[in-house]
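*Asks:* There's a structure below that I have some questions on.
Please treat every number below as a calculation from the coordinates, not as lab data. All values reported here derive from a predicted model rather than from experimental measurement. FYI the Cβ positions are ideal-geometry reconstructions off the backbone, even for glycines, and counts take in every protein chain you see.
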Amino acid sequence: MISAFPSLTSVDLSRIRLSIRNLHPQIIEWRRRLHQQPELGFQEKLTSSFIASKLQEWGVEHQTGIATTGIVAIIKGEKLPTQHSKVLAIRADMDALPVQELNEVSYRSQHDGLMHACGHDGHTAIALGTAYYLHQHRHDFAGIVKIIFQPAEEGPGGAKPMIEAGVLKNPDVDAIIGLHLWNNLSVGTVGVRPGALMAAVESFDCTISGRGGHGAMPHQTVDSVVVAAQVVNALQTIVSRNVNPIDSAVVTIGKLHAGTKRNVIADTADMSGTVRYFNPTLVGFFKNRIEQVISGICEAQGAKYDLNYWSLYPAVINNIAIAELVRSVAEDVVETPLGIVPECQTMGAEDMSFFLQEVPGCYFFLGSANPEKGLAYPHHHPRFDFDETALAMGVEIFVRCVEKFCN
Ligand SMILES: [Zn+2]
Ligand SMILES: [Zn+2]
């Protein structure tokens, strides 16, 4: 958490190369422009035409309209490769959230009820800055960089359709990196680790059908509220009694609705929940176990159930070698003693995981909170905002990863 790190009003940018420091005001301008026009997943039309217009202006080769609004920019390094040339992909998400912005800033959202409350405007601006820099300095690296601007990370997920559309092919991507601006870490820090960074997410809806009746005559009914209460409690034992305590997992029932009046026994009860875990060997486990628990309790109580269960995103699992590449680069960019946070892990989810299932890669957190500037609200909060100093750090880290990986 933020309190674990010293807070600061400004970050030392001396390790950021001059040309990126000079580009920084423009990256901030792009970010603010994008912040003013947030769009939901697969509707990022203004966002994607803004990106395309910039790439066009700079003469960067790119393809638009991938999985609706996705874009891939291709930058070919012109340095002579020592071995066969490598292909590195950089992924940025572009979508916003259905949140009404409460920030009173000059660049506040102009789209009522929509907001870049997760920082994807920053991710897009960093990726654009990286594209601009690499295109200008293409003599400094060998190999090819693909910059993937992805729609709909907040759901239903744009990574999978982009992969299906072939963005990792022709030329075939050897590795992929991506970052999330992260207000759980102070600006000036980077969270990177090999292995699991973010959790797999699965969801379910369940309707329990009993038999309603008079609140004074329960013997004539099957009380769906009592059955649902047993189910909610019993589902908590899946994590505490069935999952290996070395593995982390969550089963949360976020919604439970039943009944209309205090003297009426409810006919049905509806519940919805979310499941999170890191260990890929648990794929399928929760779906089966949740159904067993619900079915056993309903059987015992004479109720029926209707369960719908979905797998959304797999866990974000970083490759050891690529995570080490990012760590070693970040160590040279961020100011000591803030540095690297290796123990960062979250039960949040990200569809970057689909890319990481296809090619080795690393997703990492770029610290962006600055409590002294009032920039420490959590992601998805109507007052979320971040320290824009992080934008230059993001570009520097991406560029150094390209130089180190491709050369
Ligand atoms: Zn988010
Ligand atoms: Zn996000």
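*Asks:* On full extension of the chain, what length is gained from residue 358 through residue 242, given 0.36 nm per residue of separation minus the C-alpha to C-alpha distance?
*Replies:* Details: separation 116, 0.36 × 116 = 41.76 nm, distance 3.03 nm.
The span from residue 358 to residue 242 would gain 38.7 nm if fully extended.
*Asks:* Next question. From the square roots a ≥ b ≥ c of the eigenvalues of the alpha-carbon gyration tensor of segment 305-407, which class results: rounded (a/c under 1.5), prolate (a/b over b/c), or oblate?
*Replies:* Values: a/c = 2.43, a/b = 1.20, b/c = 2.03.
Oblate shape, in that a/c is at least 1.5 and b/c is the bigger or equal ratio.
*Asks:* Quick one: which residues, 5+ away or cross-chain, put their amide H under 5 Å from the amide H of residue 201? H built at 1.01 Å from N.
*Replies:* The answer is 312, 313.
*Asks:* At what distance in angstrom do the alpha carbon centres of segment 203-246 and segment 268-285 lie from each other?
*Replies:* So the separation of the two Cα centres works out to 16 Å.
*Asks:* Within the chain, how many Lys pairs sit with Cα atoms under 21 Å apart, leaving out pairs fewer than 8 places apart on the same chain?
*Replies:* 21
*Asks:* Taking 0.36 nm per residue of separation and subtracting the Cα-Cα distance, what length does fully extending residue 79 through residue 332 add? Don't skip to the end; give the middle numbers.
*Replies:* Details: separation 253, 0.36 × 253 = 91.08 nm, distance 2.31 nm.
Between residue 79 and residue 332, full extension yields 88.8 nm more.
*Asks:* Same structure, new question: For helix 285-301, report the angle its Cα long axis makes with the longest principal axis of the Cα atoms of the chain; keep it between 0 and 90° and round to the nearest 10°.
*Replies:* 10 degrees
*Asks:* OK, next. Mind running the shape call on segment 1-124? Use the C-alpha gyration tensor, a ≥ b ≥ c as the square roots of the eigenvalues: rounded below 1.5 for a/c, prolate if a/b tops b/c, oblate otherwise.
*Replies:* Details: a/c = 1.98, a/b = 1.20, b/c = 1.65.
Because a/c hits 1.5 or more and a/b fails to exceed b/c, segment 1-124 counts as oblate.
*Asks:* Please order 149, 285, 386 by the number of other Cβ within 10 Å, starting at the fewest.
*Replies:* Working: 149 30, 285 16, 386 25.
Lowest to highest Cβ neighbour count: 285, 386, 149.
*Asks:* Looking only at the chain, where both bridge partners belong to it, what percent of the DSSP beta bridges are antiparallel (to the nearest 5)?
*Replies:* Numbers: 48 of 70 bridges.
Antiparallel bridges: around 70 percent, rounded to the nearest 5.
*Asks:* Compute the long axis of helix 320-333 from its Cα atoms, compare it with the longest principal axis of the Cα atoms of the chain, and write down the angle in degrees, 0 to 90, nearest 10.
*Replies:* For 320-333 against the chain, the angle is about 60 degrees.
*Asks:* Whole angstrom only: what separates the Cα centroid of segment 286-325 from the Cα centroid of segment 123-198?
*Replies:* 29 Å
*Asks:* Here's another thing I want to ask about it. Measure of size requested: the Rg and Dmax of segment 200-313, with Cα atoms as the atom set and Å as the unit; please supply both.
*Replies:* Just the Cα atoms of segment 200-313 yield Rg and Dmax of 15.1, 49 Å.
*Asks:* Beyond 21 Å, how much of the Cα-Cα pair distribution for segment 156-230 remains, as a whole percent?
*Replies:* Numbers: 1777 of 2775 pairs.
Looking at segment 156-230, the distances longer than 21 Å represent 64 percent of pairs.
*Asks:* Test of understanding: given the chain, find the longest segment containing no GluC sites (Glu not before Pro) that are in a DSSP loop and have at most 11 other Cβ atoms within 10 Å. Don't skip to the end; give the middle numbers.
*Replies:* Numbers: sites that count: 78, 104, 343.
My reading of the result: 105-342 is the longest stretch.
*Asks:* Within 10 Å of each residue's Cβ, count the other Cβ atoms and sort 387, 332, 205 from fewest upward.
*Replies:* Going from sparsest to densest Cβ surroundings: 332, 205, 387.
*Asks:* If you take all C-alpha pairs in the chain, what percent of them are over 37 Å apart?
*Replies:* Across the chain, Cα pairs with separations above 37 Å total 29 percent.
*Asks:* Hey, fewest Cβ within 10 Å first, where do 182, 30 land in order? Can you show the working numbers first?
*Replies:* Details: 182 25, 30 22.
In increasing order of surrounding Cβ atoms, one gets 30, 182.
*Asks:* Taking the Cα centre of each part, how many Å lie between segment 6-62 and segment 71-114?
*Replies:* 7 Å
*Asks:* Something else about it: Quantify how much of the Cα-Cα distance distribution of segment 108-265 extends past 21 Å, in percent. Walk me through the intermediate numbers first.
*Replies:* Working: 8737 of 12403 pairs.
Tail fraction, whole percent: 70.
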